[in-house]
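Please read the structure below before turning to the comments.
None of the figures in this text is laboratory data; all of them are computed from the coordinates on show. On a predicted model such as this, the values are computed, not experimentally measured, just so you know. Reconstructed Cβ throughout: ideal geometry from the backbone, glycine too, with neighbour counts over all protein chains shown.
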Amino acid sequence: MSGYEKPSRGWGFCAPSPVLLLSLLTAAPLGLLGEETRQVSLKVISNAPDFSQNLLHIRAVGTNSTLHYVWSSLGPPAVLLVATNTPNSTLSVNWSLLLSSDPDGGLMVLPEESIQFSSALVFTRLFEFDSTNMSDAASRPPGKSYPPYSLANFSWNNITDSLDPATLSATFRGHPVHDPTGAFANGSLAFRVQAFSTSGRPAQPPRLLHSADTCQLEVALVGASPRGNRSLFGLEVATLGQGPGCPSMQEQHSIDDEYAPAVFQLDQLLWGSLPSGFMQWRPVAFSQKQGSRDSAMPCQSSPLHPTLAYLLPQSPIVRAFFKTQDHPCAFNLTFGAPTGPGYWDQHYLSWSMLLGVGSPPVDALSPLVLGIMAVALGAPALTLLAGGLFLLLGRKRDSEYQSIN
């Protein structure tokens with residue numbers, strides 16, 4: 001499988017077209033589909049006595065539905081997303097089958113007839129490029145390519161140690177099993193997972209709007225020594241199509257950048273027609289832990305393209321649940337550009353995404369933008385009204401004038 005494909009249109013780091021104004025005025029805020037609140041629980045399922053082999057099960061129960069997120073570091077990091085039409089569906093794990101060469105039936109959501117939607121994401125490889133002599137930020141590949149890190153060959157922490165029920169979060173943290181150059185001697189790659197019981201917005205950029213039907217992932221590369229002077233990093237993501245084709249990718253544009261300054265774009269991967277499953281992110285990453293406009297880096301995505309299952313590192317939970325992987329698809333994300341903020345600043349890189357079911361959350365126009373629009377549109381209207389009243393009163397005075405002759 002090729003490392004990179006032709007880039008999709010735009011980074012989202014440019015001002016939006018003015019023609020969006022009317023459509024945004026009439027577009028909502030519309031109510032989000034799905035449950036407003038859910039009862040969320042996080043549970044670590046371990047393969048005793050080897051507690052290094054474990055799964056993180058997030059169960060979000062609504063009035064008449066349940067969402068199951070199963071996160072795994074067996075093989076490459078992966079997440080299985082299953083939505084059912086009952087609040088009583090459960091996860092069943094058979095470790096003997098799951099770790100065997102034929103894991104069919106090793107992981108199931110029961111009752112099977114309650115399943116309304118299911119898919120998976122697998123994070124397969126971490127790319128690295130040296131962009132020292134590159135001037136075109138959109139070039140593919142974006143610099144000299146180093147051998148990629150296969151995430152299936154990483155060693156991961158015991159997820160139990162990072163489980164935080166108060167914030168409904170947990171973190172998978174790993175490093176290569178074989179690291180001959182010592183690049184990860186003081187570094188790690190982390191996948192921080194967080195669930196939500198209701199709608200809201202995180203305090204840190206890019207401040208994606210979440211609902212009770214979503215789960216957030218933050219990927220952070222911290223402290224690893226780059227192999228180039230100005231290294232750019234990329235992430236390969238694989239998924240399963242709902243038919244012979246791949247899921248669709250969409251770009252949404254806005255005139256409002258209050259929650260993610262200078263980023264007017266929202267990217268989405270959609271499985272099937274809505275409401276279905278979705279992955280949502282802003283095309284921006286950050287080179288500092290306290291994300292800000294000064295540390296923002298562009299995030300480019302390649303087109304989603306079909307691939308062959310044997311070219312991808314295999315995830316046991318995906319093989320166990322789906323049995324056959326007839327329609328694997330993949331795309332790449334590249335973080336940063338040859339110029340501007342980069343991983344080289346503080347040896348730090350973070351990027352966030354949402355995963356969920358139903359209609360993706362939609363940002364309404366912020367009060368600040370609404371106020372500016374009200375002033376911009378209201379001032380001319382007030383001027384016309386004042387002018388009309390002046391003319392009307394002036395004519396009335398003329399009609400009341402009586403000649404002394």
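What ranking, highest mean first, results for peptides 293-306, 163-176, 204-217 when packing means the other Cβ atoms within 10 Å averaged over each residue?
204-217, 293-306, 163-176
How much length is gained if the chain between residue 344 and residue 150 is pulled fully straight, taking 0.36 nm per residue apart and subtracting their Cα-Cα distance, in nm to one decimal?
Difference between extended and current length: 67.7 nm.
Assuming 0.36 nm per residue, please report the length gained on full extension of the stretch residue 249 to residue 164 beyond their Cα-Cα distance.
Fully extending the segment from residue 249 to residue 164 adds 27.3 nm.
In whole percent, what relative contact order does the stretch 195-251 give with Cα contacts below 8 Å and a gap of six or more residues?
Relative contact order comes out at 22 percent.
Once phi is turned into ³J(HN,Hα) by the Karplus curve 6.51 cos²θ - 1.76 cosθ + 1.60 with θ = phi - 60°, what whole-Hz value does each residue of the stretch 168-182 show in order, with x for glycine and proline?
Going residue by residue, I get 6, 9, 7, 10, 8, 10, x, 8, x, 5, 10, 9, x, 8, x Hz, with x marking Gly and Pro.
Excluding residue 38 itself, what net charge comes from residues whose Cβ is under 10 Å from its Cβ, given Lys and Arg +1 and Asp and Glu -1?
Neighbour charge sum, excluding residue 38 itself: -2.
Step through the residues of the stretch 220-231 one at a time and calculate ³J(HN,Hα) from phi using the Karplus curve (6.51 cos²θ - 1.76 cosθ + 1.60, θ = phi - 60°), rounding each to whole Hz and writing x for Gly and Pro.
For the stretch 220-231, the Karplus-derived couplings read 9, 9, 10, x, 6, 7, x, 8, x, 5, 9, 6 Hz, x marking Gly and Pro.
Normalised by the residues of the stretch 194-314, what does the relative contact order come to in percent, with Cα pairs under 8 Å and at least six apart?
RCO, the stretch 194-314: 19 percent.
Per residue of the stretch 96-104, what does 6.51 cos²θ - 1.76 cosθ + 1.60 with θ = phi - 60° give for ³J(HN,Hα)? Whole Hz please, x for Gly and Pro, Karplus curve as stated.
Each residue of the stretch 96-104 in turn: 4, 6, 4, 9, 7, 5, 10, x, 3 Hz.
To two decimal places, what compactness ratio does the stretch 59-197 give when its Cα radius of gyration is scaled by 2.2 N^0.38 Å?
Compared with the compact-globule rule of thumb, the stretch 59-197 sits at 1.32.
Going highest first, how would you order 347-358, 311-322 by mean Cβ packing within 10 Å?
Per-residue mean Cβ counts within 10 Å order the peptides as 347-358, 311-322.
Could you order the peptides 72-80, 219-227 from most to least packed, using the average number of other C-beta atoms within 10 Å per residue?
Highest mean packing first, the order is 72-80, 219-227.
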